[in-house]
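The values are calculated or read from the model by the stated rules, or taken from the named source; none is laboratory data. Since we're looking at a predicted model, the values are computed, not measured. Neighbour counts run over all protein chains shown; Cβ positions are idealised from the backbone, glycine included.
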């Protein structure tokens, strides 16, 4: 757990949203922390309105508002922008998200990212997309057969980093389109394994 600084909030990248929120609330004592956590559903406009209402309850000392969700709708994020940019007196916001790609660039620009998830460094180091064959694709998909949507997004980011930075590949039009399509499909609740298969097959070669 990293110490909080004097900014008006932070973004924490963590897949363990509930436990992260509980730990935060405990570490912030004696300051008050109000949690708005939606693990089983998207964080929607009605949740954002509740956050706004809580933020405008005047406080004599710092109050932390913790927002945590696997998915936050764009409408909800946009409705919070002004509040994040100009929070009321003694109010600080902490947003917990499993991946920064879930958050709009405008939200990320208003709050610093306090912690990055390194959950998929192993894939970045070991899966060579320049020499990928069908056997490795099937092995990778089997290993991630039960991958959750938010983790699949992290994997897509890791694969893009691997292809462009580590393997230094010049992606063709199909491969680039597939990365864009992968992000969109995961947002639309497509089956993560199918999305990863589509992505990897564009790199695979017969041996």
Region 99-140 - residue that is touching a strand residue (DSSP E or B) at 6+ places or on another chain (Cβ under 7 Å) and under 19 Å from residue 39 (Cα atoms) and, of those, modelled with the highest pLDDT:
103
Members of region 164-195 found to be in a helix (DSSP H, G or I), more than 20 Å from residue 146 (Cβ to Cβ) and touching a helix residue (DSSP H, G or I) at 6+ places or on another chain (Cβ under 8 Å), listed by number:
166, 175, 178, 179, 181, 183
Of all residues making up region 161-180, the number that are modelled with pLDDT under 80 and under 26 Å from residue 70 (Cα atoms)
1
Modelled with pLDDT of 90 or more, in contact with a helix residue (DSSP H, G or I) (Cβ under 7 Å, 6 or more places away or on another chain) and not in a helix (DSSP H, G or I): does that describe residue 145?
yes
